[in-house]
Amino acid sequence: MSELAPGLKYSQSVTVTTDMTPPHLRGEPIRVLATPEMVRLVEQTAIHAVQPLLKAGQTTVGTKVNISHLAATPEGMQATIVVELTEVDRRRLSFRFEVHDEVEKVGEGTHERFIVDPEMRMPRLQAKLDAWRRR
């Protein structure tokens with residue numbers, strides 16, 4: 001099994017569907033990929049890139065996304081998301097990404113994720129829930 005290291009690349013391609021278009025623009029004659037969906041696809045691609053290299057029980061959580069949505073991708077067209085791991089700083093993973101449709105580059109930016117262990121995450125979440133319920 002490989003290690004998490006800069007240079008790791010991963011890509012996936014998806015076809016833009018109606019549910020990936022902005023609801024408030026679905027009445028338009030041409031529907032396009034929504035920016036929040038592009039963000040979701042970038043996060044999903046980064047997760048798929050590193051998950052096989054994590055220890056059992058570990059996962060990652062997104063903490064930053066800096067995205068430029070450069071062009072529209074019409075419904076029915078395929079979008080390809082490519083992420084590259086650019087830095088590993090203990091538990092912090094930094095990525096650079098590009099999104100292309102079948103004609104041009106439609107997005108680019110950076111993304112950051114943190115590796116979390118369930119034994120650290122669950123007690124913090126439970127403490128937060130307990131504090132909220134006591135309010």
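The numbers here are math on the coordinates, done by the rules we state, and not lab data. Keep in mind that this is a model prediction, so the values were computed, not measured. We place every Cβ from the backbone using ideal geometry, glycine too, and count neighbours over all the protein chains shown.
So the values come out like this:
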quantity	calculated
Dipole axis of the stretch 9-134 (+1 Lys, Arg; -1 Asp, Glu on Cβ), positive-most option in Leu70, Val82, Gln51	Gln51
Over the chain, relative contact order from alpha-carbon pairs under 8 Å, at least 6 apart, %	28 percent
Length added when fully stretched, Lys55-Arg40, from 0.36 nm per residue minus Cα-Cα	3.0 nm
Binned Cα-Cα distance frequencies in the stretch 9-134 - 5 Å width, integer %	2, 11, 19, 18, 15, 12, 10, 8, 4, 1, 0
Order of Arg134, Arg124 - criterion: other Cβ atoms within 10 Å of each residue's Cβ, fewest first	Arg134, Arg124
Packing-based order for 109-115, 79-85, using average beta carbon neighbours within 10 Å, highest first	79-85, 109-115
Estimated distance in nm for a label pair at Glu119 and Glu87, the labels positioned 7 Å out from Cα along Cα-to-Cβ	2.9 nm
Dipole of the stretch 9-134 [Lys/Arg +1, Asp/Glu -1 at C-beta], most positive-end residue of Phe97, Pro118, Pro36	Pro118
Difference of contour (0.36 nm per residue) and Cα-Cα distance, Arg135 to Ile30	33.0 nm
Student exercise, the chain dipole from Lys, Arg, Asp, Glu Cβ charges, in Debye to nearest 20	920 debye
Residue-averaged [θ]222 nm for the chain, counting only DSSP H segments that reach four residues, each worth -39500 (n - 2.57)	-8000 deg cm²/dmol
